[in-house]
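Worksheet: one structure, shown below.
The values are calculated or read from the model by the stated rules, or taken from the named source; none is laboratory data. This one's a predicted model, so the numbers in the text were calculated from it and none came from an experiment. Heads up, the Cβs are rebuilt from the backbone with ideal geometry, glycines too, and the neighbour counts pull from every protein chain shown. Heads up: the accessible areas ignore ligands, DNA and RNA and are worked out on the full protein's heavy atoms, side chains in. Shrake-Rupley method; radii C 1.70, N 1.55, O 1.52, S 1.80 Å.
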Amino acid sequence: MTDAARSVAEFDALIIGAGFSGLYQLYCLRERLGLSVQALEAGEGVGGTWYWNRYPGARCDSESHSYCYTFSRELLEEWQWTERYPGDAEIRRYLNHVADRFDLRRDIRFGTRVSSAHYDAAANRWRVTTEKGEQLTAQFLVTAVGCLSTANVPNIPGLETFAGRWYHTGQWPHEGVDFRGKRVGQIGTGSTGIQAAPVIAETAAHLTVFQRTANYSVPARNAPLTDEFQRWAKENFDEVRKVMHATTNGHPFYIDRRRVFDVTDEERQRIYEAAWEKGGLQFRATFHDLLLDKKSNDTAAEFIKNKIRQIVKDPATAAVLADIDHPYAAKRPPIDTDYFETFNRDNVSLVDVRRSPIEAITPEGIRTRDAEYPLDIIVFATGFDAMTGPLLRMDIRGRDGIPLAEVWRAGPRNYLGLQVAGFPNLFTVTGPGSPSVLCNMPVAIEQHVDWITDCIAHMRESGFNRVEADPKAVEGWMEEVQRAVDATLLPQAQHSWYLGANVPGKPRIFMPYAGGMARYRKICAEVAEKGYEGFAFGT
Ligand code: N01
């Protein structure tokens, strides 16, 4: 096919992205439904978030035996994870293996960033344009763009004058960065910064961590997987998956039913201590009401703050690290390998930029209100324009040319996180309004992709060509999303990216669905059983 012919290519479905969700969506539409499909991927390889996030210490916080696809028994049997939490390189190897094993690459266009997608109502097709100027059309458009793929580099005056090098963790150079002999400044102490700092500190001449909001973290206790565990995980996978599907966060463990004040102070301390020793996100699962009741949450918060004070030797540094202003797990709870211990190193210092804000980046380094820090390298671990960012940076227009940016001016509005009213045949995998980032991602992704695939299969069986969310259903779902989050402590973290608070000017709306993955799965299944209630079909 010539370039010109390719540029007007027509397909049944286009998928934007070839990460966890895009790969599985491609597999489902092609292998299960027999559609002609193309996935358009900005990167030069598969992996999505893991293609770009190659920063030092990048590792998944979900346990490896649960951070994988479950749709293929053979894939489960043949793949061997090596560590409790998979590192970024191992996840890329896994996703490359998936792409090869299911022969997906032949339908992926790499190095292809979508610039616009417009719905043509007369033809009932999506017209997609790429940054290279290619044009493609399809009846169905599925965005598989990830929730955390639009890097947020804060607009600090003077960055362009900086004489050293700077990097955002989400756009890390593939060849790596050599920190040896360098004075490094790291801005940001979210999950990423907490993973990166200990590794950067190992080789940098000096690491200065600029902290705006102090954060909780629990040890990950990463370790190589034993043969015995690997065997157990394979032999018991059906049971593991059952648990992942039955829990709020899609992890392979249940949240305990007991409440914080059901047990004595001593017993509670023992439970927290055991969870701290075991490590990982399971700490959050120690009590049922940790995210429901502030007083209960305070006990976990205090436990972790005490740990910080015990670990960090310099009391002034410990005080800044433990000065946490939000409930535990109201922001995404990080897990770490020696994060707090890192501040005991001679070559690491902490700057409290809440007290003394960053005013400018100068040719020499970072200047706060009170001091100037000479640097050779700045690492921005400053997160993402989450959830809506990856969708809104494309020019997506629905019926009558209405831009998605306009429909979402006051925040994202959709039905089940899957479809926006006025945007027929457009599906958003792990879109805002779905559990997505509050869930172990592959679990959320498989559920969405399966649901979308079933919906398209239903249309084809029933002779429908068009599906669109009903505005009334959108209304009802937005109320449910709000109700769900209001029942938790999540809104109490005012500066969380869940709320869009990290991006200046972004509407402050709690974006993911906080009602839990298990409940959400049931709702989606019931909607489908009732003939896709809330969706309107057309021929
Ligand atoms: O980003 P973040 P992240 N001046 O937004 C600070 C996922 N993830 O990349 O809190 C100074 O959480 C900001 O401060 P504040 C995971 O879901 C997954 O760390 O806004 N500081 C904060 O400290 C996670 O939640 C894995 O006051 C500024 C930090 O930068 C999500 O990615 C591993 C600033 C940003 O934290 C995002 O995490 C790692 C400024 N102008 C990450 N602007 C897995 O396990 C921002 N900050 C799969």
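Overview of values
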read-out: Charge tally in the Cβ shell below 14 Å around residue 395, where Lys, Arg are +1 and Asp, Glu are -1, residue 395 excluded; value: +2
read-out: Heavy-atom accessible surface of the chain: percent carbon and sulfur, 1.4 Å; value: 48
read-out: Angle in degrees between helix 88-101 and the longest Cα principal axis of the chain, rounded to the nearest 10; value: 20
read-out: Region 122-274 shape via C-alpha gyration tensor axes, a/c threshold 1.5; value: oblate
read-out: Distant-in-sequence amide H partners of residue 348 (H built 1.01 Å from N, under 5 Å); value: 207
read-out: Solvent exposure of region 418-471 as accessible area per residue, Å², 1.4 Å probe; value: 23
read-out: Karplus-derived 3J(HN,Hα), 6.51/-1.76/1.60, for each residue of region 46-55, Hz, glycine and proline x; value: 7, x, x, 3, 7, 6, 8, 8, 10, 5
read-out: Per residue accessible area of region 39-163, 1.4 Å probe, in Å²; value: 37
read-out: Spatially proximal lysines relative to residue 472 (Cα-Cα < 22 Å; intrachain offsets below 8 disregarded); value: 522, 530
read-out: Amide H within-cut-off set for residue 149, under 5 Å, with H built and near neighbours excluded; value: 387
read-out: J(HN,Hα) series, region 327-339, from Karplus relation 6.51 cos²θ - 1.76 cosθ + 1.60, nearest Hz, glycine and proline x; value: x, 4, 6, 6, 9, 4, x, x, 10, 9, 10, 6, 5
read-out: Dipole moment magnitude, nearest 20 debye, region 270-338 about Cα centre, only Lys, Arg, Asp, Glu C-beta charged; value: 100
read-out: Long-range HN-HN contacts of residue 115 with modeled amide H, under 5 Å; value: 129, 130, 131
read-out: 0 to 90° range, to nearest 10: angle between helix 265-278 axis and the chain longest Cα axis; value: 70
read-out: Anchor residue 182: aspartates and glutamates whose Cα lies under 15 Å away (excluding residues fewer than 8 positions away in-chain); value: 202, 346, 364, 376
read-out: Note, ³J(HN,Hα) from phi for region 105-116, Karplus 6.51, -1.76, 1.60, rounded to Hz, x at Gly and Pro; value: 4, 5, 10, 10, 9, 7, x, 10, 9, 6, 9, 8
read-out: Separation between Cα centres of region 162-220 and region 35-109, rounded to whole Å; value: 25
read-out: Highest-first arrangement of 521-531, 191-201, 123-133, where packing means the average Cβ count within 10 Å; value: 191-201, 123-133, 521-531
read-out: Charged-residue dipole, Cβ positions (Lys, Arg, Asp, Glu), the chain about Cα centre, Debye nearest 20; value: 600
read-out: Lysines whose Cα lies under 18 Å from that of residue 294, excluding same-chain neighbours fewer than 8 positions away; value: 305, 331
read-out: Degrees between helix 237-246 axis and first principal axis of the chain (Cα, 0 to 90, nearest 10); value: 90
